[in-house]
Amino acid sequence: MGAPIVVGVDGFAESPPAAHWAAREALLRDLRLRLIHAWNPPSPEAPTLPHEDDLNYWAQRLLTDLVGELRDTHPGLRVSAELVPRETVPALLDAARDAEMLVLGSRGRGTPGGFLLGSTGRHVLAHGERPMVMVHADDRPLTADVTVGVCLRGAREETLRFAFDAAARRGGALRAVHAGAGGPESEEAAADALDAALRPWREKYPGVPVAEALTSERPALGVMHTAPGSGLLVLGRAETEPAPVPHLGPVIQAAVHHAPCPVVVVPCG
């Protein structure tokens, strides 16, 4: 039995869309789905609050209702749910270590002020050890195609492996984009490097149509301008040092806020 897909849920509106996306992905991969609702308990010394039992009841009820909804909507889904008495970020990071991927919900693009990614999402995307998927509350099914951002420097194997596998499972095409290419000479070198990076994966997945794209735009813009029409955007994340403010980099930051589809962040290196 393979590792499960884990989805973090809470009482906000973005949780159900993320859970339904994760359910479809679990069925696509023939994997179990595990719902996690982190519940930060009071310290042992803290007095019991009058409404504490009610809060616990409603947290469990949230999971029970969502599990029932998922089973009704996705026949054959193997799904479990648990209330985890820990702070949210460490609970999700620990659960993700033994998962195929971790799925989180993000607010819709019409959110006032444009703050789609909260503190929990930033920390998890910056420090997660497995692929992480950010699903916007207003994401709608698009196509089976997958777009992948390709860095021609440093580690990229994990990113391309995920992207080609995702396109093959969905029966879609793969768009591989490298942004930031310069003049004619450097563009030619970038084209050769991109072709070389993709070649072994084309051979491994001969049924996946691949389109290559080079652009002189800044990486964040170039990737965003290539993603429309895709059902999934896959990006790599270099190793990050622990810091009080998580650093995601401009491409991931732009993708989470502006990509027209769910965004997969794959740890590399």
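The values are calculated or read from the model by the stated rules, or taken from the named source; none is laboratory data. In this text the structure is predicted, and so the values were computed from the model without any measurement. Positions of Cβ are generated from backbone atoms using ideal geometry, with glycine treated the same way; all protein chains shown enter the neighbour counts. Only protein heavy atoms, including side chains, enter the accessible area calculation; ligands, DNA and RNA are left aside. Shrake-Rupley method; radii C 1.70, N 1.55, O 1.52, S 1.80 Å.
Numbers for the structure displayed
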quantity	calculated
Yes/no for VAL208 being touching a Phe, Trp or Tyr at 6+ places or on another chain (Cβ under 7 Å) and part of a strand (DSSP E or B)	no
Subset tally (residues that are open to solvent by 10 Å² or more (accessible area, probe 1.4 Å) and either of a type in the set (A, V, I, L, M) or modelled with pLDDT under 90 (or both)) for region 230-249	12
So ARG169, is it within 21 Å of the chain's Cα centre (by Cα), part of a helix (DSSP H, G or I) and surrounded by fewer than 17 Cβ atoms within 10 Å (Cβ to Cβ)	yes
Residue count for region 213-229, restricted to those that are among the hydroxyl-bearing types (Ser, Thr, Tyr), closer than 18 Å to VAL266 by Cβ and surrounded by fewer than 20 Cβ atoms within 10 Å (Cβ to Cβ)	0
All positions within region 81-97 that are open to solvent by less than 60 Å² (accessible area, probe 1.4 Å) and part of a strand (DSSP E or B)	ALA81, LEU83, VAL84
Residue ID - most open to solvent (accessible area, probe 1.4 Å), chosen from residues in region 65-80 that are in a helix (DSSP H, G or I) and touching a strand residue (DSSP E or B) at 6+ places or on another chain (Cβ under 8 Å)	ARG71
Residues within region 191-212 that are open to solvent by less than 30 Å² (accessible area, probe 1.4 Å) and closer than 13 Å to VAL150 by Cβ, tallied	4
Test result for ALA95, closer than 26 Å to HIS123 by Cβ and at pLDDT 95 or above	no
Residues of region 1-40 that turn out to be hydrophobic (A, V, I, L, M, F, W, C), open to solvent by less than 60 Å² (accessible area, probe 1.4 Å) and more than 13 Å from the chain's Cα centre (by Cα), as a count	9
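Okay, residues lined up against (1) among the β-branched types (Val, Ile, Thr); (2) more than 27 Å from GLY171 (Cβ to Cβ); (3) not in a helix (DSSP H, G or I):
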position: PRO200; (1), (2), (3): no, no, no
position: LEU214; (1), (2), (3): no, no, yes
position: GLU217; (1), (2), (3): no, yes, yes
position: VAL223; (1), (2), (3): yes, no, no
